[in-house]
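The values are calculated or read from the model by the stated rules, or taken from the named source; none is laboratory data. Treat the numbers as computed from the prediction; the structure is a model and nothing was measured. Don't worry about glycine lacking a Cβ; one is built from the backbone with ideal geometry, like all the others, and counts go over all protein chains shown. Heavy atoms of the whole protein, side chains included, go into the accessibility calculation; ligands, DNA and RNA do not. Shrake-Rupley method; radii C 1.70, N 1.55, O 1.52, S 1.80 Å.
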Amino acid sequence: MSILITNIKELLQIRDASVLKISGKEMNTLPSLKNAYVLIDHDTIIDFGSMEDLKTTDADQTIDATGKLVLPSWCDSHTHIVYAGDRSQEFVDRINGLSYEEIATRGGGILNSAKTLQNTSEEELFKQSTARVKNVMKLGTGAIEIKSGYGLTPEAELKMLRVIKRIRQEFPVKIRATFLGAHALPLLYKNNKQGYLDLIINTMLPQIAKENLANYIDIFCEKGYFDLDDVEQILTAGKQYNLIPKIHVNQFNAFGGVALAVKHEALSVDHLEQLNIEDIKALKGSNTIPVALPSCSYFLSIPYTPGRQLIDAGLPLALATDYNPGSTPSGNMNFVVSTACIKMKLTPEEAINAATLNGAYAMGIATEYGSVTKGKKANLIITKEVPNYNYLPYAFGDNHINTVIINGEII
Ligand code: NIG
Ligand code: FE
């Protein structure tokens, strides 16, 4: 099956195959081609160029994109999209004055979601999760990193990871799996943190590795959750099974987690709503990419990650949703891109780079996804007729997408 997209008003994010991430000042450039075409064969972009140079109109399907933009589909490098139920009651509790931390201390929060998930069958969990996956695909997301971490027992963590595996097998969207057993301390281990870490290291990790259920390992490095010593233990144990770190760090408190993650060659450090100069120093010269989650800041009314500061320091930045029931019940990358421009003062070029190629880098798939490059996967968004690409983040909250193509398939 081949698809030819013609008369594209502007084709965005055209990159050479050698560019795997964009840093600093470069992030303000979005290479593009006006009046362009793209040719897809099966799941691959095989050609693109100016309409004047279009040699063949021979394709199984032709899409006329007059007045429309084409860009790579979003790469959402940080989600917890596999979860059971919702936490809308906690949302109302927060409106009525309780803080996110207070709710967690009362046994709500992550433990609340874990209880629900433990009591949900694998089939039902798959059903609830895939409804969300289908929804975000329609919103233009073509690659999703998904974390475990709402199980907190060996059985329930494996259940989550098996659901993630099944999503990978049954959907065209690219999936990467992350084991986040160290997301919160389960009640059973309330006074025995080392006991839970041992359970992760000695029971969960070997089984996950045996079934090949995860690409990455994550831990929630935060006061009241897991400290630097715990991070050291978990990341060291993960390495034995070739699990590369991606870590939740600096959401509420900054105390050295970023430098430790960089030391462990983490692929990404995510959240960073709190950031100090040592964190920036640690990231400089490393291969670790910072990931900002502006929808989480929006929903919890916490500070936004200082993305400007990171980019101005010459660093790369990725944007992701953090889709989860507690801090971000939304998987809409279009909203993330808008919010990054509006609240973090990223330019549209920076935000689009952060949500496409840099997102792909943050989930280890930039050789195949994140840009319009010959040989990369055919994951594309065709917008509605819009005046220009600035209009996408500018006219926030509206759906500007006409067609989504994932793995060469029209969604
Ligand atoms: O990334 N910060 C830790 N984990 C999730 C939210 C957890 C929850 O509230 O369920 C996050 O925001
Ligand atoms: Fe998260």
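A few points about this structure:
- Residue within the stretch 276-289 that is within 16 Å of ligand 1 (Cβ to nearest atom) and either modelled with pLDDT under 95 or under 23 Å from His80 (Cβ atoms) (or both) present: no
- Qualifying residue in the stretch 329-344 (condition: buried (at least 24 other Cβ atoms within 10 Å of the Cβ) and under 17 Å from Ser18 (Cα atoms)): no
- Cross-chain or 6+ apart pairs with Cβ under 6 Å, the stretch 318-341 first and within 21 Å of Ile247 (Cβ to Cβ), then within 10 Å of ligand 1 (Cβ to nearest atom) and acidic (Asp, Glu): Thr328/Asp322
So that you can scan it fast, the table gives a plain yes or no per residue for (1) aliphatic (A, V, I, L, M); (2) over 26 Å from Asp43 (Cβ atoms); (3) at pLDDT below 95:
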position: Ile164; (1), (2), (3): yes, no, no
position: Lys174; (1), (2), (3): no, no, no
position: Asp198; (1), (2), (3): no, yes, no
position: Asn215; (1), (2), (3): no, no, no
position: Asp227; (1), (2), (3): no, yes, no
position: Lys239; (1), (2), (3): no, yes, no
position: Pro245; (1), (2), (3): no, yes, no
position: Ala259; (1), (2), (3): yes, yes, no
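- Residue match in the stretch 394-406 (condition: within 25 Å of Lys246 (Cβ to Cβ), outside any loop (DSSP other than H, G, I, E, B) and not hydroxyl-bearing (Ser, Thr, Tyr)): yes
- Hits in the stretch 57-84 (condition: open to solvent by 30 Å² or more (accessible area, probe 1.4 Å) and part of a loop (DSSP other than H, G, I, E, B)): Thr57, Asp58, Asp60, Thr66
- Selection over the stretch 95-115 of residues that are surrounded by fewer than 16 Cβ atoms within 10 Å (Cβ to Cβ) and assigned to a helix (DSSP H, G or I) gives a count of 4.
- Candidates Phe220, Phe226, Phe171, filtered to the one that is aromatic (Phe, Trp, Tyr) and in contact with a Ser or Thr (Cβ under 9 Å, 6 or more places away or on another chain): Phe171
- Pro186 fulfils the conditions (1) away from ligand 1 (no atom under 16 Å from the Cβ); (2) farther than 29 Å from Ala360 by Cβ; (3) not charged (D, E, K, R) except for a single criterion, (1).
- Of the set (1) open to solvent by less than 30 Å² (accessible area, probe 1.4 Å); (2) not assigned by TED's automatic domain parsing to the domain that holds Gly140, all apply to Gly375 but (1).
- One residue from Leu161, Leu98 being hydrophobic (A, V, I, L, M, F, W, C) and within 30 Å of Ile410 (Cα to Cα): Leu161
- When the stretch 217-272 is limited to residues that are in a loop (DSSP other than H, G, I, E, B) and aromatic (Phe, Trp, Tyr), the one that is surrounded by the most Cβ atoms within 10 Å (Cβ to Cβ) turns out to be Tyr225.
- Elements of type helices (runs of 4 or more DSSP H) contained in the stretch 283-357, each with 2 or more residues being over 26 Å from Ala395 (Cβ atoms): 307-312
- Options Ala156, Ala104, Ala84, Ala114: the member that is farther than 18 Å from Pro329 by Cα and within 15 Å of ligand 1 (Cβ to nearest atom): Ala156
- The residue that is farthest from Ile175 (Cα to Cα), among those in the stretch 378-393 that are in a loop (DSSP other than H, G, I, E, B) and open to solvent by 50 Å² or more (accessible area, probe 1.4 Å), is Pro387.
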